[in-house]
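Contents: one structure, followed by commentary.
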Amino acid sequence: MSVNGVFAPALDQLKAYQAPPPRPDATKLDAMENPYALPADLRQAWLERLAQVDFNRYPDATAAPLKRALTQRFAMPSSWDMLLGNGSDEIIQMLCLAVARPGAVVMAPDPSFVMYRHLALACNLRFVPVPLDDQFQLDTDAFLAALQREQPALVFIAQPNNPTGNRFDEDAVRAICAAAPGLVVIDEAYLAFAGGDSLALASAFDHVLLMRTLSKWGLAGLRLGFIQGHKALIDELDKLRLPYNINVLTQASVEFALANSSAFDQQVEVLCAERTRMAEALDALPGTRVFPSAANFLLVQQSPEQGRAVLDALSQADILIKNLDAGHPALVGCLRPSIGTPEQNTRLIEVWSTVASGA
Ligand code: PMP
């Protein structure tokens, strides 16, 4: 069937987002999820809460009780407001739609989260990537020059960054915020693991917003992201939010999770300790370099040959991780395992060391 001329030309540059089909038998360390399911006692309480939820009516479109619960955990200045999305992916889309007009530019460091480019192009925007330096830090001079040259309507900065895992130097982020002519969104998807937030930095500027998600904390399947920023900006974005974008099951479940946050926070603590253990173990292997991580995954670099051998061996052991060795010059030979449970990590380290030490 010919669809010539039917779709926007920008779609020619895009591929549908590829997520492999679920493999319940495998150890899934490929998507930066929390590896722990809900503890049994909480699961029972959650099911009892869900038993009170009706789904013949539309959800609460304001999601006010959920927003109140989120605001208790994620405090914000009184001049700010919050908008919820079906994952922060949906918020990235709203942001791109909000600035879309002929010639408008979206800018982000490179490499960074792939959806910035994807959704910018999908909205017929021009996407300008600015290369990170060889330590995966922001190249402040290059970024400031790019801001000056391209005058982007929207800048995304993932703090910590995906797929590199590191936190950017805060002075560099501040300099970019100060110089940006449009909106700056600091994407704190990995906040739970980051050991600090950008609230003070962002609230010093009217045009800087903070985007967060509960996916990495343990709620990936519920799809709940949110953005906080000056009320005037949130009011504009809200015009693009689809009615009832947060369904009744998600609203009830996220409220439940926030009321029981210590269970998730404890899991995060274990994962942070495991991150250190795993980073040290892998970094000690021959030909293997682990980059500093403030997220729930590691970026690990080795020769492409060794990377392929590691991937093969892990896949034979039914351990799934993400291969990043797909054409980006800064990520040659890079693999990205999420931090799993201590048992999962021990198995991963065993398999990895067998390959790396040539045993
Ligand atoms: N931002 C960053 C930096 C991410 O890595 C991700 C997920 N990989 C997201 C946003 C999207 O998260 P979600 O849609 O699950 O909220």
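The values are calculated or read from the model by the stated rules, or taken from the named source; none is laboratory data. All values reported here derive from a predicted model rather than from experimental measurement. Cβ sites come from the backbone with ideal geometry, for glycine too, and all protein chains shown count toward neighbours.
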Matching entry among Leu282, Leu258, Leu240 (being outside any helix (DSSP H, G or I) and either under 30 Å from Thr62 (Cα atoms) or not basic (Lys, Arg) (or both)): Leu240
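Among the residues of region 13-20, is any small (Gly, Ala, Ser) and away from the ligand (no atom under 16 Å from the Cβ)?
Keep residues of region 13-20 that are small (Gly, Ala, Ser), which gives 16, 19.
Still in the running and away from the ligand (no atom under 16 Å from the Cβ): none.
Checked against the condition, which is being small (Gly, Ala, Ser) and away from the ligand (no atom under 16 Å from the Cβ), region 13-20 yields no hits at all.
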Pull out all pairs, ordered by first then second residue, where Cβ-Cβ is under 8 Å, the residues are six or more apart or on different chains, the first lies in region 66-87 and is β-branched (Val, Ile, Thr), and the second is more than 13 Å from the ligand (Cβ to nearest atom). Thr71/Met82
Out of region 86-122, which residues are among the charged types (D, E, K, R), under 21 Å from Arg336 (Cα atoms) and part of a helix (DSSP H, G or I)? Asp89, Arg117
Output the residues belonging to region 70-85 that are of a type outside the set (Ser, Thr, Tyr) and part of a loop (DSSP other than H, G, I, E, B). Phe74, Ala75, Met76, Pro77
When every residue in region 204-225 that is in contact with a Gly (Cβ under 9 Å, 6 or more places away or on another chain) and over 24 Å from Asn86 (Cβ atoms) is compared, the one farthest from the ligand (Cβ to nearest atom) is Asp206
Find the residue count for region 81-96, including only residues that are away from the ligand (no atom under 13 Å from the Cβ) and out of contact with any strand residue (DSSP E or B) (no Cβ under 7 Å at 6 or more places or on another chain). 1
Where residues in region 221-253 are within 27 Å of Leu201 (Cα to Cα) and among the aliphatic types (A, V, I, L, M), which of them is surrounded by the fewest Cβ atoms within 10 Å (Cβ to Cβ)? Ala232
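Right, Gln266: within 16 Å of the ligand (Cβ to nearest atom), in a helix (DSSP H, G or I) and either at pLDDT 95 or above or surrounded by fewer than 17 Cβ atoms within 10 Å (Cβ to Cβ) (or both) or not?
Against the criterion (within 16 Å of the ligand (Cβ to nearest atom), in a helix (DSSP H, G or I) and either at pLDDT 95 or above or surrounded by fewer than 17 Cβ atoms within 10 Å (Cβ to Cβ) (or both)), Gln266 does not qualify.
Going through region 171-202 one residue at a time, which ones are assigned to a helix (DSSP H, G or I) and either within 12 Å of the ligand (Cβ to nearest atom) or in contact with a Gly (Cβ under 9 Å, 6 or more places away or on another chain) (or both)? Walk me through it before giving the result.
Quick first cut of region 171-202, residues assigned to a helix (DSSP H, G or I) only: 171-179, 191-194, 199-202.
Matches in region 171-202: Leu191, Ala192, Phe193, Ala194, Ala202.
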Where a residue in region 39-51 is closer than 16 Å to Asp265 by Cα and its partner, wherever it lies, is modelled with pLDDT of 95 or more and outside any helix (DSSP H, G or I), with Cβ under 9 Å and at least six apart: Leu42/Asn260
Flag if Val105 is farther than 15 Å from Leu224 by Cβ, of a type in the set (Val, Ile, Thr) and crowded, with 18+ Cβ neighbours inside 10 Å: yes
Given (1) under 18 Å from the mean Cα position of the chain (by Cα); (2) at positive phi; (3) in contact (Cβ under 8 Å) with a residue 60 or more places away in the chain, number of the condition Tyr244 does not satisfy: (1)
Taking the stated definitions as given, is Val99 modelled with pLDDT of 95 or more, away from the ligand (no atom under 16 Å from the Cβ), in contact with an Asp or Glu (Cβ under 7 Å, 6 or more places away or on another chain) and not aromatic (Phe, Trp, Tyr)? no
